[in-house]
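In what follows, a single structure is set out as structure tokens and then discussed.
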Amino acid sequence: MTTSTTIRRPVAAARRLLRSPLVDLLFGPHGIDRYLELIRPDLTLHDARAEVTSVHRQTDRSVTLKLRPNAAWAGFRAGQCVSVGVEIDGVRRTRTYSPAGSEHGSDVALELTVTVHPQGLVSRHLQDSLRPGAMLHLGAAQGTFTLPHPRPERLVLISGGSGVTPVLSMLRTLCDEGHDGQIVFLHYARTAADWLYEPEVQALAACHPNLRLGYRATRERGNRSGRRGPHLTAAAIRALTGDPQGAHAAVCGPPSLVQSVRAIWARTDGGADRVLAETFTPPMVTVPGCRAEGRLRFLRSNRSVAVGTGTLLEQAESAGLAPQFGCRMGICHTCTCRKAAGAVRNVLTGQVSEAPDEDIQLCVSVPAGDVALEI
Amino acid sequence: MPTRHPDLTPHQTEALARELDELRGRTVAELGERDAEYIRRVIKTQRGLEVAGRGMLFVGFLPPAWLGGVAALSLSKILDNMEIGHNVMHGQYDWMKDPSLDSRRFEWDMACPADQWRYSHNYVHHTHTNVVGMDRDLGYGILRMSEDQPWRVRDLGNPIYATLMALLFQWGVAAHDLEVERIEAGEIKLSDKREILQAIWRKGRRQVLKDYVAFPVLAGPGAPFVLTGNLSANALRNVWSFMIIFCGHFPDGTHEFSEAEVEQETRGGWYVRQMLGSANLTGGRWFHILSGNLSHQIEHHLFPDLPAHRYGEIAVEVREICERYGLPYNAGSLRKQFGSVVKKICRLALPWSTGEQRADAPDADSEAGGPAEPELTLAA
């Protein structure tokens, strides 16, 4: 202990000095981080980064990473998500994941569990190519899917598939807090082989008598109903927690699971206010009277039009917007803007941008379906 | 009279555009790890040179350390402004999605605010390249660089202005967006440029404070060595970047265009104008890196947002395409190209240097002196 504090004090003093306006002037215009990162990538003072300390597979379709964030990492609250950037073939790919650990956990560990999709560029890279020692970029923790204060007396934590991570984070946080209210932990996955964190949750239940748990397989062979296994029902909730009346629910999973929980809680008094929900496949925005596909949404101007002909720049202009532009031929990058969602094709290169939150050039891009732009 | 161009039919112009688009597409598809590693290696070298240069200047009372410090710091500033800053701000590395290499956020170690540069260079200059009256880089509103710009008495000072501009180039670039020629002509007032001036002040002040106050003061008794070292490094960077940039569009054999010629210009026409209006410099690997690969000015103007370290490879194909279409490919050594620029600056200072006088301006510098009879129709 004494050694760590005697080391930490000068380190903290050095950090304060490096954050001073004088240092900012001397290392301008790039900033001190652009120099420190060349000594060691995670020495940055402003950019949150983390070193991968372990990579392992709990199940065939997932990968679990343990990370050591640097001093710029400001922590998170249980249930929140974090954008994680990883460089693949020179390109930084950013995805959002929810940490699975306790928010009171030691600041040296951040735990992520990611479902691996067969066509998933990032998830497959994390599973196949990422090694301990690699460096990841972290964004600030975000999201309102967090535990209420004061902590609920009765809480049902429900998750589907990889939606387990934020609710597990809530469970671990409550256990760390010595919370003595009733907690139910209910997890759904396709098969028992896909159950995530079962041994860990069993171990928690062994020393926390107020915790009850249920792991369910929805597509297990032997189910009489064939494909449809034991999905969430009011009876299942009742069996574990008694009357949902008065209990809080926190659910993270596919939209169907969230809808089931909402439906069950809606039947209780004031139940709708006691459901915290997060879904990781966002529902499609449908505008009445129009096809669900082929809408252009301009988020900052709060305007939406049906996809027409021409480039995104031309379509934005005919919708009455005045985005910045220069050459109108793809060379000057004045019209580059953030695409929040949807797919667009660059007519010069034929490249398609599909991932959310990518920068695109309006003057040489055409929409390929629904598109949401930050203009 | 605009300079004469080789003849291409509209059909040929479009075929040329398709070939160049295809070359561009092939390069974009290849971008990846190699390009990311390259730019990061250059950045690491630049930051290393910067720290080493400033360190050496702190012990600048030793003459070898002072000289070494000036050399390292000038190289750092040259790399920062040219191979890194200019190219990153063109969006050449936007595909990496690294915020520190994002064209819209990047700032460079020189007086000109990046935002102003992005407008005046990426848009105005690269879109309207060499169009007299539209491309403000044709003399930067100060120098007479084309026969098509009417001669005025003040143009007698052309060589003097050019010398001052070379020594103070970073401030010249910073003042570019003030459009002094329009203020001089009474079209606009200085107060119309208030926001531009404020941005220059904010950026320039920090640059001055850093190089001429903060670092010298930190050196204590070594302050004079640090101050003179920083001054020299900035001046060397200024002169070098002036030379490279003036070799981009002003050597003998480059063409200028009239506004009428580019009305309703096609993409192919734009490509042809970029090739005719730009000139390359020949040299070794380090010469190209230190010129920010602007030595491959033709390739840069065809594909301004492709990573510049690829221009050398692309040049082989561009040259071959030029030969096939009978287009000139203007390339020469720094000595030859800059020599012709200096001559032009001096010649255009004189009132009798009119377009007619140099109607036979030799295309001798161009490697492929294709047929040059009828005028090229750019607007196909």
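None of the figures in this text is laboratory data; all of them are computed from the coordinates on show. Bear in mind the structure is a predicted one, so any value in this text is a computation, not a measurement. When we count neighbours, we look across all protein chains shown, and the Cβ atoms used for this are built from the backbone with ideal geometry, even at glycine.
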Exercise for review: Between A:GLU220 and B:GLU317, with labels modelled 7 Å along Cα→Cβ, what's the label distance in nm to one decimal, could you check?
Suggested key: 5.8 nm
Check your understanding: What is the packing order of peptides A:208-217, B:48-57, taking the mean over residues of other C-beta atoms within 10 Å and listing the highest first?
Key -> B:48-57, A:208-217
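Among the DSSP beta bridges whose two residues both lie in chain A, what percent are antiparallel, rounded to the nearest 5?
60 percent
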Point to revise | Whole-Å semi-axes of the ellipsoid equivalent to the range A:1-157 (Cα gyration tensor, √5λ, descending) | key: 29, 22, 15
Practice item. Compute the separation of the alpha-carbon centres of the range B:88-128 and the range A:153-195 and state it in Å as a whole number. Key: 48 Å
Review point. What 222 nm value per residue comes from the helices of chain B, counting each DSSP H run with n ≥ 4 as -39,500 (n - 2.57) and dividing by all residues, nearest 500 deg cm²/dmol?
Key: -15500 deg cm²/dmol
Review point. What do the square roots of 5 times the Cα gyration tensor eigenvalues come to for the protein assembly as shown, in whole Å, largest first, as semi-axes of the equivalent ellipsoid?
Key: 58, 33, 22
Review point. How large is log10 I(q)/I(0) at q = 0.11, 0.14, 0.19, 0.20 Å⁻¹ when the Debye formula is applied to the Cα atoms of the range B:86-239, each weighted equally and without solvent?
Key: -0.54, -0.84, -1.29, -1.35
Check your understanding: Looking at chain B from every direction and averaging, what is the projected area of its Cα convex hull in nm²?
Key -> 19.0 nm²
**Study point:** Kirkwood Rh and Cα Rg combined as Rg over Rh, evaluated for the range A:295-373
**Key:** 0.91
Exercise for review: Could you compute the FRET efficiency for B:LYS189 and A:THR53, with r as their C-beta to C-beta distance and R0 at 56 Å, rounded to 0.05?
Suggested key: 0.35
Check your understanding: Under 5 Å between amide H atoms, partner at least 5 residues away or on a different chain: which partners does A:ALA134 have, H built in plane at 1.01 Å?
Key -> A:VAL52
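Treat chain A as a sphere of radius equal to its Kirkwood radius over Cα pairs and apply Stokes-Einstein at 10 °C in a medium of 1.306 mPa s; give the translational diffusion coefficient in µm²/s, rounded to a whole number.
Estimated diffusion coefficient is 68 µm²/s.
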Point to revise | chain B: angle of helix B:223-249 to the longest principal axis, Cα-based, in degrees nearest 10 | key: 10 degrees
Check your understanding: Given the range A:154-279 reduced to its alpha-carbon atoms as identical point scatterers, what log10 I(q)/I(0) does the Debye formula return at q = 0.09, 0.17, 0.21 Å⁻¹?
Key -> -0.23, -0.84, -1.27
**Study point:** Efficiency of FRET from Cβ geometry, A:ALA13 and A:ALA266, R₀ 56 Å, rounded to 0.05
**Key:** 0.50
Practice item. Place the peptides A:113-122, B:232-241, B:85-94 in order of packing, highest mean first, counting for every residue the other Cβ atoms within 10 Å and averaging per peptide. Key: B:85-94, B:232-241, A:113-122
Exercise for review: Starting from the exponent 0.38 and prefactor 2.2 Å, build the expected Rg for the range B:221-334 from its residue count and divide its actual Cα Rg by it.
Suggested key: 1.31
Exercise for review: Round to the nearest 10 and give me the degree value, 0 to 90, for the angle of helix B:267-277's Cα axis relative to the longest principal axis of chain B.
Suggested key: 60 degrees
Practice item. Quick one: check the C-alpha center-to-center distance for the range B:141-177 versus the range B:49-74, whole angstrom. Key: 32 Å
Review point. So, in nm, how far is label A:ASP176 from label B:TRP286 when the simple model puts each one 7 Å beyond its Cα toward the Cβ?
Key: 5.4 nm
Point to revise | Of all DSSP beta bridges in the protein assembly as shown, antiparallel share, percent nearest 5 | key: 60 percent
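Stretched out fully, how many nm does the piece from A:HIS104 to A:SER83 gain, at 0.36 nm a residue minus the Cα gap? The partial results should precede the final answer.
On the way: separation 21, 0.36 × 21 = 7.56 nm, distance 1.97 nm.
My answer for the length gained is 5.6 nm.
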Revision key, fill the gap. The rounded separation in angstrom of the Cα centers of the range A:293-338 and the range A:244-265 is 39 Å
